[in-house]
1. If I filter the range 1-11 down to residues being within 19 Å of E356 (Cβ to Cβ), among the aliphatic types (A, V, I, L, M) and surrounded by 15 or more Cβ atoms within 10 Å (Cβ to Cβ), which single residue comes out as farthest from the chain's Cα centre (by Cα)?
2. Determine which member of the set I29, I66, I5 is of a type outside the set (G, A, S) and over 30 Å from L309 (Cβ atoms).
3. For E42, are the conditions met, namely being surrounded by fewer than 18 Cβ atoms within 10 Å (Cβ to Cβ) and of a type in the set (D, E, K, R)?
4. L96 versus (1) under 30 Å from A328 (Cβ atoms); (2) touching a residue at least 12 places away in the same chain (Cβ under 8 Å): which is the lone unmet condition?
5. Under the condition of being in a loop (DSSP other than H, G, I, E, B) and surrounded by fewer than 22 Cβ atoms within 10 Å (Cβ to Cβ), which residue from the range 99-108 is farthest from the chain's Cα centre (by Cα)?
6. Is it true that V53 is in a strand (DSSP E or B) and either without any contact (Cβ under 8 Å) to a residue 40 or more places away in the chain or not aromatic (F, W, Y) (or both)?
7. From D339, D298, D258, grab the single residue that is outside the structural domain of K186 (by TED's automatic domain parsing) and either in contact with a His (Cβ under 7 Å, 6 or more places away or on another chain) or in contact (Cβ under 8 Å) with a residue 12 or more places away in the chain (or both).
8. Of the residues in the range 291-303, how many are in contact with a helix residue (DSSP H, G or I) (Cβ under 8 Å, 6 or more places away or on another chain) and either at positive phi or of a type outside the set (D, E, K, R) (or both)?
Amino acid sequence: MTQQIPLVDLSLQTTEVELEVTEGIAEVIRSGAFVLGPKVVEFESAYAAFCGVPHCVGVGNGTDAIELALRGAGVGAGDDVIIPANTFVATAEAVLRSGANLVLADCDEDFLLDPGRVAESVTPQTRAVIGVDLYGQIAPFEALAEVLPSDVVLMEDAAQSQGATRHSVSAGAFGVAAATSFYPGKNLGAFGDAGAVTTSDDEIADRVRSLRSHGGQRRYEHALLGTNSRLDSIQAVALSAKLRRLVDWNKQRSEAADRYAQLLANVPGIRLPRAIEGNTHVWHLYVVRVPQRDRVLDYLLQAGIGAGLHYPTPINLLPPFAHLGLDAGSFPIAERLADEILSLPIFPGISVSQQERVVEVLRDALAHVAR
């Protein structure tokens, strides 16, 4: 029987926190504080401390977190916001939902937003740049800051980097504000949808707290046009339990990444990922580059290996963004990488034998397509 290896297996994490979360949910049920209750405050405080910032504002999901971070920083209609072309669609959606205009820039060979391309994209209308931490490592924020005028705000999309550091600064602490997702498959994942905005700016934190709750922080007082994006107490319980284990789980991911690097070191036709200088990578995803990627992927899937693509289509080539008028060839690096990238199974608890099986099948796949 073919061994099935999933791209992501949450069973180890779920098993470790199950009892603690069950007890915490029972407390929530007894208290009746289901939305923005004490459990949310407890998690917000713990996650802010983990990121090294004064404020964490829990919201409904990561997409809302990006939008509310932008709006909290005063970014909106008439403003241009630059993001990488090779991010998840949520980053782009959130920019447009904030009322701002979307501007794309190319990435570098390490998948991260290229400061040089950002500099070329800045105009008098540019109000913000969102550096996306991709696959588990932080974008080069100091280099991005150097190319930006003083009136342009730098923000972080930290949805794939919980626990990562850059020059000893934690993900979630870069720019005027950072947005993160706690979708279940993230390094720090909830038991459903959840997200947060982290910031050292008191005013942005206050605005986001109001915006997440219909524009006010007290009942029936609505100073701003807000939305309904509040963190549920049950999700906060799960996140608090997982946060206490995140360092260890990230260590397991790093060990798995090191093992892949050793097993794949002499495999022809493959390019391995790396942590750029100054970064501690937390390997949310292990993304290699291969020739004839679609054929390799099909071979892996047929052999029971749950490989994936993150992401197969750059933002400019997705139908909802056709109005940007950025045809194929507009972002050559992002578009080329989109045809080469392949995400291999990685998660806390992945076994040596599972990784050896992944590499065995990948070797066969590369040999097969090279014929």
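1. I5
2. I29
3. yes
4. (2)
5. Selected residue: G99.
6. no
7. D339
8. 6
The values are calculated or read from the model by the stated rules, or taken from the named source; none is laboratory data. Predicted model only: the values in this text are computed from it and were never measured. All Cβ positions, glycine included, derive from the backbone under ideal geometry; neighbour counts span all protein chains shown.
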